[in-house]
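The values are calculated or read from the model by the stated rules, or taken from the named source; none is laboratory data. Given the structure is predicted, the values throughout are model-derived calculations rather than measurements. Because the Cβ atoms are built from the backbone with ideal geometry, glycine has one as well, and the counts that use them run over all protein chains shown. Side chains are part of the model used for accessible areas, which takes the heavy atoms of the whole protein and leaves out ligands, DNA and RNA. Shrake-Rupley method; radii C 1.70, N 1.55, O 1.52, S 1.80 Å.
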Amino acid sequence: MAETQSIARTFPVKPKLKPTSANSSTPTSESKYWKSFKTPKEIQTPQTLVSSINSIVFSPTSPHDFAAAHSATVSIYSGKTLEPKTTISSAFRDTVTSASFRSDGRLIAAGDLSGAVQVLDLKTRVPLRRLRGHTRPVRVVRYPRVDKLHLFSGGDDAIVKYWDITTESKIYDLLGHKDYVRCGDASPVSDDMFVSGSYDHTVKVWDVRVMNSGSVMEFDHGEPVEDVIYLPSGGLVATAGGNSVKIWDILGGGKLLCTMESHNKTVTSICVGKIGKESGEEAQQYRILSVALDGYMKVFDYAKFKITHSMRFPNPLMSVGFSPDCSTRVIGASNGTLYIGRRKVKESESMELVDVGGFGQVEKPQRRVLRPSYYRYFLRGQSEKPSEWDYLIKKLKKIKVTEHDKLLKKFMHKEALLAALNGKNPANVVAVMEELVARKKLMRCVSNLETEELGLLLKFLQRYSTMPRFSRFLMGLTKKVVEMRAEDIKSSNELRGDIRNLKRDVEEEIRLQQTLLQIQGIVTPLLKIAGRR
């Protein structure tokens with residue numbers, strides 16, 4: 001009685017040899033987060049300005065417009081559309097080096113190489129105040145945290161000045177630096193404190209309430225300081241100079257906490273970025289974003305003291321900015337290119353604000369009306385994530401079976417080997433060979449190959465037998481194939497040519513290995529001597 005028997009479930013063959021490349025690791029969730037900052041479709045190419053972009057700053061108020069300082073111009077970009085909004089150029093006589101928004105986002109202050117500091121109205125683009133006092137180019141201008149009446153500036157005259165904007169007068173000359181003052185930042189917790197960095201390798205902390213004693217703290221970065229920022233807690237300061245970024249503990253007396261040296265060239269700018277939203281599990285996860293002349297942007301987790309993400313750009317980078325709402329990242333290059341990245345914000349993160357009279361602004365609730373007449377009514381709940389105690393049942397995925405797997409299932413061994421060789425995927429070929437070894441059929445298949453089929457196998461062995469991933473298995477197989485089919489190889493000119501190519505590649509690999517061993521013999525004693533020191 002003919003009776004159909006149920007065939008056991010089959011699985012596709014896979015190579016037992018796994019690559020050891022570092023790139024095979026799966027990307028982390030944080031790496032996916034930073035890669036999600038992409039140029040929107042509306043902006044097909046990066047924005048290109050006239051010259052090197054010296055400074056990028058974001059407005060502290062929504063929708064968080066940002067300003068880019070380049071040549072004798074400050075360009076304002078919309079935080080919503082990322083398109084140019086306005087340009088301010090008539091007020092400046094020379095290249096603009098630094099810009100800063102006031103806490104309400106209505107005014108912007110900027111300094112240029114002529115030594116002047118301009119305070120301008122963003123709507124009318126009219127200069128409201130012109131602060132004169134620096135004898136050399138101004139390199140840094142910053143507003144305090146919420147103070148609207150004062151700002152500080154520093155320049156190549158090695159002086160930090162504290163200004164009263166209403167009277168256009170200088171309040172203090174803060175002396176102490178011995179070289180160009182190139183950077184500075186205001187404290188996020190006090191309007192009276194700020195920090196400045198100079199090419200004399202020092203970073204000084206100033207407090208305008210105690211000016212008789214000069215700076216209240218000083219620490220040495222070890223190289224010319226290109227940028228300095230306060231971290232959100234107000235007790236830590238990050239400095240950039242040379243190819244390193246350092247973290248300092250101000251509350252601990254200026255103690256050095258960490259040094260990051262992952263860049264190959266000078267770090268030109270740093271800023272603080274935050275992952276996630278204002279509340280929830282992702283809140284308060286701050287990172288330091290650094291850019292350098294080597295074209296790399298690095299993301300540094302200063303809580304764990306490690307690099308969490310790296311991105312390469314085609315040009316040297318001069319400035320970087322990150323929006324307060326965690327949606328936009330802007331990088332300025334030395335050739336005037338703006339690399340703007342926008343992250344898609346979920347509906348829950350971008351809820352509309354409604355003004356309730358007398359009670360401030362509240363979020364407008366987003367209602368989703370579901371009716372049985374709608375198709376999505378029957379799909380509701382499919383995107384819900386399981387809770388901790390739910391029992392999850394997953395649907396089995398259908399296995400896609402390739403041609404050589406089908407032939408192996410039918411015990412057509414020679415045909416399966418030829419199908420894998422014609423597929424030109426070395427991993428699949430080795431997997432089929434390993435399966436044939438397990439079935440003790442590989443050498444029988446080799447002995448039954450025709451001349452053209454044997455040439456196909458020899459070409460495969462000549463190409464992949466010296467590859468480290470497959471060499472241990474294929475070298476032994478190559479020796480057995482040559483011994484078994486020696487007579488056929490001698491009688492065919494084409495097969496003899498394949499053997500000559502195989503011999504040449506093996507000799508080249510042996511020569512390379514000998515050279516590497518010689519280099520290892522030279523380097524190993526030097527490393528041991530260096531380790532003793």
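With a Förster radius of 41 Å applied to the beta-carbon distance between PHE305 and TYR377, the computed FRET efficiency rounds to 0.25. Once C-alpha pairs closer than 8 Å and six or more residues apart are averaged by separation and normalised to the residue number of the chain, the relative contact order reads 10 percent. Rounded, prolate or oblate: which one fits the chain, using the alpha carbon gyration tensor with axes a ≥ b ≥ c (rounded when a/c is under 1.5, else prolate when a/b beats b/c, else oblate)? Prolate, because a/c is 1.5 or more and a/b exceeds b/c. Just check the range 419-485 against the gyration tensor rule for me: Cα atoms, a ≥ b ≥ c as the square roots of the eigenvalues, rounded for a/c under 1.5, and otherwise prolate or oblate depending on whether a/b exceeds b/c. Rounded. The SER90 and VAL369 beta-carbon pair, evaluated with R₀ = 60 Å, returns a calculated FRET efficiency of approximately 0.70. Set the bar at 19 Å for Cα to Cα. Now go through LYS255/LYS298; LYS306/LYS385; LYS410/LYS440; LYS148/LYS274; LYS344/LYS394 and name every pair that lies beyond it. Beyond 19 Å between Cα atoms: LYS255/LYS298; LYS306/LYS385; LYS148/LYS274; LYS344/LYS394.
Only helical runs count toward this figure. For the chain, summing -39,500 (n - 2.57) over DSSP H runs of n ≥ 4 and dividing by all residues gives -7000 deg cm²/dmol at 222 nm. Where a ≥ b ≥ c are the square roots of the eigenvalues of the C-alpha gyration tensor, would you call the range 378-533 rounded, which needs a/c under 1.5, or, failing that, prolate if a/b is larger than b/c, or oblate? Oblate is the answer for the range 378-533, as a/c is 1.5 or above yet b/c matches or exceeds a/b.
The simple spin-label model puts a point 7 Å past each Cα toward its Cβ; for LEU149 and LYS409 those points are separated by 8.3 nm. A straight line joining the Cα centroids of the range 431-460 and the range 396-421 runs 14 Å. Selection among LEU502, TYR464, HIS413 by position relative to the dipole of the range 381-533 gives TYR464 as farthest towards the positive end (Cβ unit charges, Cα centre). Relative to the longest principal axis of the Cα atoms of the chain, the long axis of helix 471-484 makes an angle of roughly 20 degrees.
With all protein chains kept in place, the per residue accessible area of the chain amounts to 58 square angstrom at a probe of 1.4 angstrom. Between LEU257 and SER491, the FRET efficiency from the beta-carbon distance, with R0 = 51 Å, is close to 0.10.
Could you give the distance between the Cα centres of the range 502-523 and the range 195-273, to the whole Å? Comparing the Cα centres of the range 502-523 and the range 195-273, I get a distance of 49 Å. Rolled with a 1.4 Å probe across the full set of protein chains, the surface gives TYR199 an accessible area near 60 Å².
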